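The structure appears right after this line, and notes come after that.
A short reminder: the numbers here are calculations on the coordinates, not readings from a lab. Small disclaimer: the values here were computed from a predicted structure and weren't measured. No Cβ is skipped: glycine too gets one built from the backbone with ideal geometry, and neighbour counts run over all protein chains shown.
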Amino acid sequence: EYPQSKRVSAVQPSPTLVITAKAAELRRQGRDIISLGAGEPDFDTPAHIKAAGIRAIEEGKTRYTAVDGIPELKQAVVDKFKRDNQLDFTPAQVLVSSGGKQSLYNLFQALLNPGDEVIIPAPYWVSYPDMVKLAEAVPVIVSAGIRQGFKVTAGQIADAMTERTRMLILNSPNNPSGAVYTARELEAIASVLRRHPQVLIVTDDMYEHIILDDVPFTNILNVAPDLYERTVVCNGVSKAYAMTGWRIGYAAGPEPIIAAMRKVQSQSTSNPCSISQYAALEALNGPQDCIDVMVAAFRERNEFVYERVNQIAGMKSLPAKGAFYSFIDVNGVLASHGYADDIELASDLLENAEVAVVPGTAFGAPGHIRISFATSLDALRTALSRIERHLNRD
Ligand code: PLP
């Protein structure tokens, strides 16, 4: 008998995986399941980026690199922050990791102690609370529903602050809600943070480039540069360049924090894949128009999904402002059809409408489902018709 550590047993297997496994099982049985569960672009990595990876292999760039990334890539990250975000960092303030996920994991391991509190606005990306728990800290969830556009207010954050609060996580554009915080909203949050100098700000800007509407991307440091000494910015190439499998993310922030994160990485995974680093270098320094092509497709699908979803009785959504997800309030459907919760609805849609969606419970927002529009317009059209037909049966 080898019982799990207390740390690990505190972590739940994600409900996303349950649906994914069930969808795979039904497909194996020959069922034609449309998956709207994907958390990654449906596009291929652009050719010039793939070529850089191939070149790296051929040139023998296949050995260990510096733990924190090759100097060229760190410089490219510095340049990217300057170019896209008007933020100044030195290479010593940058750590390249195996995905944005590892950047965040390193950060929590490096800074959190048992009992520390981390404020996480919900709906949230599935991994934040569990990664916080793996660092033996306590996730403090602050919820925003559809009426607040799925965005928490500065007042709610103020109310969640205690003397144990160590971090606030901001994720805009947001997975799963598609919400984008405006400069004004971030200013209000910044004024709360000024009253709590012990709190570190973590911004997860993974969807920075996937802007679908009229709210431009803003990092809190753009409106509150005085918070520079206590903000860590996390980003990566996964979503912007359709590079989820290459596993390259990066973080930038105060040097001592980045050094502590590097220490965690040096004793766990060491450098991220050398080949992927050269591909990411080309992604950041090469032509950027590949992003526009993807974003144009996401915009078209967003419009379609928004209109179509709101035609279905009991479903309500907002047009996503960013990322590639539609987050749907299904409380009306739950009430009219007698489903116990969003998990039961998602299971029923999978079994009987042959559409895989992710229950909102996975994101700390019961009563919702997330559908990804990282799939073709045709698939979206068919999937939403199947859902409507199933819910309107007899
Ligand atoms: N942050 C958010 C909000 C995400 O949705 C994801 C991926 O789904 C990540 C971070 C991690 O991305 P990666 O580890 O692929 O860089």
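Quick rundown of the values:
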item	result
MRE, 222 nm, helices only [DSSP H, n ≥ 4, -39500 (n - 2.57), over the chain, to nearest 500]	-13000 deg cm²/dmol
Cα-projected label distance for Arg31 with Ala92, points at 7 Å along beta-carbon direction, nm	5.8 nm
Rg/Rg_globular for the range 111-155, with Rg_globular taken as 2.2 N^0.38 Å and Rg from C-alpha atoms	1.24
C-alpha long axis of helix 71-85 to longest principal axis of the chain, angle in °	60 degrees
Potential extension, Glu58-Lys6 segment - 0.36 nm per residue separation minus Cα distance	14.2 nm
Most positive-pole-ward Cα, Ile312, Pro3, Ser143, against dipole of the chain from beta carbon charges	Pro3
Between the range 76-151 and the range 301-338, the alpha-carbon center distance in angstrom	27 Å
Dipole magnitude of the range 84-175, debye to nearest 20 (Cβ charges: Lys/Arg +1, Asp/Glu -1, about Cα centre)	240 debye
Residues in the range 100-115 that a label on Glu136 would reach, taking backbone N under 13 Å of a point 7 Å out along Cα→Cβ	109-115
Lys/Arg +1, Asp/Glu -1 at C-beta; the range 61-285 dipole; positive extreme among Gln156, Thr269, Ala122	Thr269
Highest average packing first - 28-34, 353-359, Cβ atoms within 10 Å	353-359, 28-34
Order of His368, His337, His209 - criterion: other Cβ atoms within 10 Å of each residue's Cβ, fewest first	His337, His209, His368
Value of Rg/Rh across the range 102-190 [Cα atoms, Kirkwood radius]	0.96
Cα-projected label distance for Glu300 with Leu377, points at 7 Å along beta-carbon direction, nm	0.4 nm
Order of Lys61, Lys133, Lys82 under a 10 Å beta carbon neighbour criterion, fewest first	Lys82, Lys61, Lys133
Sites Ala66 and Arg164, calculated FRET efficiency, Cβ-Cβ separation with R0 22 Å, nearest 0.05	0.05
Within a Gaussian network of the chain (alpha carbon springs, distance under 10 Å), most fluctuating of Ala24, Ala154, Ala362	Ala24
Listed residues Ala242, Ala38, Ala260: farthest to the positive end of the dipole of the chain (Cβ charges)	Ala260
Label-zone membership for the range 196-213, site Ala154, 7 angstrom Cα→C-beta point, backbone N under 13 Å	196
Within the range 61-285: Cβ-based charge dipole about Cα centre, in debye rounded to nearest 20 (Lys, Arg +1; Asp, Glu -1)	400 debye
Virtual spin-label span in nm between Arg389 and Lys82, 7 Å along Cα→Cβ	5.7 nm
Extension reserve of the Asp44-Ala340 stretch, reckoned as 0.36 nm per residue once the Cα distance is removed	102.7 nm
Cα-based helix-to-principal-axis angle, 15-28 vs the chain, degrees rounded to 10	60 degrees
Computed magnitude of the charge dipole of the range 22-92 (debye, nearest 20; Cβ of K, R +1, Cβ of D, E -1)	200 debye
Share of alpha-carbon pairs per 10 Å distance bin for the chain, given as whole %	5, 23, 32, 27, 12, 2, 0
